[in-house]
């Protein structure tokens, strides 16, 4: 009887932990998760508002949470390779820089999900997954076209086959405060992140400025 009770208690604790983990993933909807992070006791270390979607669609008010040592949980999860910033939402430049630095650390070290997840090269569109899953794609913008208010960033000369990133006309106001405009991106090396699907080649819709990262103009695709 005691053994059965212990087994039941262990089961209930595992269910409770799983539910808590799921709630955690919901709260940080601006992350793409490779792995569920280990649950830790956290404290609010800053009531700043990193993302302009608060409250989120789950009615969570976003705050900065730290672990017992004072480390920021978000950058820890990213640097450990449990997650990457997916580009969704309005985020301060300072926080975005921290996210990207933590991501680069994880990528170069092959931590967590980065053992398998790779930045895709726009110059090789045939290798980019188009199964409507999250991807990061890097390349040099070949041309920018505007048609009926929609901005098309083409990464090759054949728009019917090459990778294309698109900014819908009704969202262009979100990009007005960036240090660049869409014409500026031609011949520049950039990374874009989001869901890729098939539409005249690999196709990604860009809804938020943070989905676009301007890189040093190396024109060499994704670094291995």
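Could you check segment 78-90 and list, in sequence order, the residues that are farther than 17 Å from residue 108 by Cβ and either at pLDDT 95 or above or in contact with a strand residue (DSSP E or B) (Cβ under 6 Å, 6 or more places away or on another chain) (or both)? Hits for segment 78-90 are 86, 87, 89.
Only residues that are surrounded by fewer than 19 Cβ atoms within 10 Å (Cβ to Cβ) and either part of a strand (DSSP E or B) or touching a helix residue (DSSP H, G or I) at 6+ places or on another chain (Cβ under 9 Å) (or both) were counted across segment 105-117, and they come to 6. Can we say residue 31 is at pLDDT 55 or above, out of contact with any helix residue (DSSP H, G or I) (no Cβ under 6 Å at 6 or more places or on another chain) and over 23 Å from residue 209 (Cα atoms)? In short, no.
The values are calculated or read from the model by the stated rules, or taken from the named source; none is laboratory data. Just so it is clear, the structure is predicted and the values come from calculations on it, not from any experiment. A quick note on method: Cβ atoms are made from the backbone with ideal geometry, for glycine too, and the neighbour counts reach across all protein chains shown.
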